[in-house]
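Colleague: Below are the structure tokens for one structure; questions will follow.
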Amino acid sequence: MRVVVTGGAGFIGSAVVRFLVAQGHEVLNVDKLTYAASPEALREVEGNSRYHFLKADICDRQAMTRAFRDFEPDAVMHLAAESHVDRSIEAPAAFINTNIIGTYTLLEVALGYWEGLERPRREAFRFHHVSTDEVFGSLGPTGLFTEDSPYRPNSPYSASKAAADHLVRAWHKTYGLPVVLSNCSNNYGPYQFPEKLIPLMTIKALRGEQLPVYGTGGNVRDWVHVEDHVEALWTILTKGRVGRSYNVGGGEGAQKTNLEVVRAICGIMDRLHPEGSPHEQLITFVPDRPGHDLRYAMDITRITTELGWSPSREFAQGLEQTVQWYLDNEWWWGPILERRYQGQRLGLGRRREE
């Protein structure tokens, strides 16, 4: 299969690219290489004849049209997005441009390309839009998000992703573009940009720095390992029903408060890096994020019963493996902290945007 992967130099996108190439598929990675991109995460596929890279913005319609024309994909896996909630609070414009305008542009190009395909390839073509559980807003102390949960986004990031979801559905219903959609919970694993909770806390603990926990740390997230997520995405792309959406999450036992996650990281660090123990003494509580959703939890019944996917990694084991990866791979995150992100707090207010 020939697959266009947008955002293939990002955390989840690079894992998708590595998976596809390893499975023998041909991949065109389209990425504009923003601050969070990591070409180093793709070094195992560099030089592989099945891997191709195009530095381009998905908002650039001419570039996208040329890419589809020249590569002739059988499928699109659309992961390109601005994704950090704190940054969306400070500077929402990039989220509107990439997540909404970029998705619209990609849909238009994909539609024109799909309409020009001969019948067998036209029937087999798929456009997979990868989204987030945050579009559903915040849960109370009980319950799970299902695919039929109402959309109630509470941040500029989640609102932009909700808009993109609606566009994808509309291009299917109105124009017939064969789409599948997925909404995933919080991902973790190797090569995640250090502004995210698990790598940030691991690196700060390693350096003996304070571990800032928002509010009381009681916000609950559903955690899925990135490699489990990638396997789910492939399952949805190849087996999912056209026009249907599928929730992806970590399953039972993967719902943790932020404070539980940070304490678990501290316990792992006490074992793997005893210097500075107990690391839990570094935890400090800081003002909460504006509009911070209380709880996310995914009902994954549909993907499990219809498509046969379920997560294979227990959170405790996956978390320890992830912490170990960051301890072993300072060559990757060290330069990022020196040049692009110094671990500072984001999302406390909004910058004026021209």
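Computed from the coordinates by the stated procedures, all read-outs in this text should not be read as laboratory data. Nothing here was measured: the structure is a model prediction, and the numbers come from that model. Using ideal geometry, Cβ is built from the backbone for each residue, glycine included, and neighbour counts are taken over all protein chains shown.
Colleague: Build a GNM of the chain with springs between Cα atoms under 10 Å: which of Q255, Q321, Q23 gets the top mean-square fluctuation?
Modeller: The residue that fluctuates most here is Q23.
Colleague: Just want the ordering: K204, K173, from fewest to most Cβ atoms lying within 10 Å of their own Cβ.
Modeller: K173, K204
Colleague: Which of R87, R50, R18 moves most in a GNM of the chain, Cα contacts under 10 Å?
Modeller: Residue with maximal mean-square fluctuation among R87, R50, R18: R50.
Colleague: Here is a follow-up. Based only on Cα atoms, what Rg/Rh ratio does region 172-297 have, Rh being taken as Kirkwood's radius? Don't jump to the answer; show the numbers that get you there.
Modeller: Values: Rg = 17.9 Å, Rh = 16.5 Å.
Rounded to two decimals, Rg/Rh equals 1.09.
Colleague: Using DSSP, restrict attention to beta bridges with both residues in the chain and report what percent are antiparallel, rounded to the nearest 5.
Modeller: Counting only bridges with both partners in the chain, antiparallel ones make up about 10 percent.
Colleague: Hey, fewest Cβ within 10 Å first, where do R295, R126 land in order?
Modeller: Going from sparsest to densest Cβ surroundings: R295, R126.
Colleague: Name the residue farthest towards the positive end of the dipole of the chain from the options G116, L237, F19, assuming +1 on Cβ of Lys and Arg, -1 on Cβ of Asp and Glu, about the Cα centre.
Modeller: Farthest towards the positive pole: G116.
Colleague: May I have the pair-distance distribution P(r) for region 220-288, computed from all Cα-Cα distances with 5 Å bins from 0 and rounded to whole percent?
Modeller: Bin by bin from 0 Å, the calculated values are 3, 14, 16, 15, 14, 13, 9, 7, 5, 3, 1.
Colleague: Roughly how far apart, in whole Å, are the Cα centres of region 214-239 and region 1-47?
Modeller: The two parts, judged by their Cα centres, are 19 Å apart.
Colleague: Using a Debye calculation, one point per C-alpha and no hydration shell, please list log10 I(q)/I(0) for region 290-344 at q = 0.13, 0.21, 0.24 Å⁻¹ in order.
Modeller: -0.67, -0.92, -0.94
Colleague: Here's another thing I want to ask about it. Take region 117-164, drop everything but the C-alpha atoms, weight them equally and run the Debye formula without solvent; then report log10 I(q)/I(0) at 0.19, 0.21, 0.22 Å⁻¹ to two decimals.
Modeller: For the requested q values the scattering log ratios are -0.66, -0.73, -0.76.
Colleague: Which translational diffusion coefficient, to the nearest whole µm²/s, is obtained for the chain from the Stokes-Einstein equation, given a Kirkwood hydrodynamic radius over C-alpha pairs, 37 °C and 0.692 mPa s? Write out the running numbers ahead of the final one.
Modeller: Details: Rh = 20.7 Å.
It diffuses with D of about 159 µm²/s by this estimate.
Colleague: How do D165, D328, D288, D31 rank when sorted from fewest to most other Cβ atoms within 10 Å of their own Cβ?
Modeller: D328, D288, D165, D31
Colleague: Got a sec? Charge dipole of the chain, +1 on Cβ for Lys and Arg, -1 for Asp and Glu; which of S155, Y175, G218 is way out at the positive end?
Modeller: Among S155, Y175, G218, the one farthest towards the positive end of the dipole of the chain is Y175.
Colleague: Once you wrap a convex hull around the alpha carbon atoms of region 132-243, what is its projected area averaged over all directions, in nm²?
Modeller: It is 8.8 nm².
Colleague: Can you tell me how region 1-138 classifies by the Cα gyration tensor, rounded, prolate or oblate, using a/c under 1.5 as the rounded cut?
Modeller: Details: a/c = 1.76, a/b = 1.26, b/c = 1.40.
Judged from the Cα gyration tensor, region 1-138 comes out oblate (a/c at least 1.5, b/c at or above a/b).
Colleague: Consider just the alpha-carbon atoms of region 1-68 and return their Rg together with their Dmax, both in angstrom.
Modeller: Using the Cα atoms of region 1-68, the pair Rg, Dmax is 11.1, 30 Å.
Colleague: Please give the charge dipole size of region 196-346, origin at the Cα centre, charges +1 on K and R Cβ atoms and -1 on D and E Cβ atoms. Round to the nearest 20 debye.
Modeller: Using Cβ point charges on Lys, Arg, Asp and Glu, region 196-346 gives about 520 debye.
Colleague: Rounded, prolate or oblate: pick one for region 59-153, where a ≥ b ≥ c are the square roots of the eigenvalues of its C-alpha gyration tensor, a/c under 1.5 means rounded, and failing that, prolate if a/b is larger than b/c, else oblate.
Modeller: oblate
Colleague: If each residue of separation counts as 0.36 nm, what is the full-extension length gain between D86 and R121 once their alpha-carbon separation is subtracted?
Modeller: Numbers: separation 35, 0.36 × 35 = 12.60 nm, distance 4.13 nm.
Between D86 and R121, full extension yields an extra 8.5 nm.
Colleague: What percent do you get for the relative contact order of the chain when only Cα pairs under 8 Å and 6+ apart count?
Modeller: 19 percent
Colleague: Picking from Q192, I303, L206, whose Cα lies most toward the positive end of the charge dipole for region 190-306 (charges on Cβ: Lys, Arg +1; Asp, Glu -1)?
Modeller: Positive-end residue among those listed: I303.
Colleague: Among N154, N99, N183, which one shows the highest mean-square fluctuation when the chain is modelled as a Gaussian network with alpha-carbon springs under 10 Å?
Modeller: In the Gaussian network model the winner is N154.
Colleague: Then there's this: Only four residue types carry charge here, +1 at the Cβ of Lys and Arg and -1 at the Cβ of Asp and Glu. Report the dipole size of the chain about the Cα centre in Debye, rounded to the nearest 20. Walk me through the numbers on the way to the answer.
Modeller: Working: 38 positive and 44 negative charges, 139 e Å.
Dipole magnitude for the chain comes out near 660 debye.
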